[in-house]
Amino acid sequence: MESIQILGIFKMIGPLEGFTLFGFLILAIIVILPFWLIFRKAGYPGAIGLLAIIPFAGIVLLYILAFAPWPSLKKEYGE
């Protein structure tokens, strides 16, 4: 009986399968792009922005940006 219910769930998800993958890629780009650009402007490698798609890592990245010294400002002000 349980296997029939599980198969029913897969039949329901089936038509949305392509949309969810496409939707995830669009969402990932929407989230990663700003982080990538902000980290580059701050003087960090932009690839750190890829961590933003990991749950709770985006919040940690925001704290790093808020409280860590920015290498780009050190270069600009000669610190």
Inset, instruction - Those residues that are assigned to a helix (DSSP H, G or I), aromatic (Phe, Trp, Tyr) and out of contact with any Leu (no Cβ under 8 Å at 6 or more places or on another chain), I need them from segment 23-79; list them, please. - result: Phe24, Tyr63, Phe67, Tyr77
Inset, instruction - Could you grab me the full set of residues in segment 18-43 that are farther than 27 Å from Leu73 by Cα and not aliphatic (A, V, I, L, M)? - result: Gly18, Phe19, Thr20, Phe22, Gly23, Phe24
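Values quoted throughout were computed directly from the atomic coordinates according to the rules given, and no laboratory measurement underlies them. Note that the coordinates shown come from a computational prediction; the quantities given were computed from them, not determined experimentally. Here the Cβ is made from the backbone with ideal geometry for all residues, glycine too, and neighbour counts use every protein chain on show.
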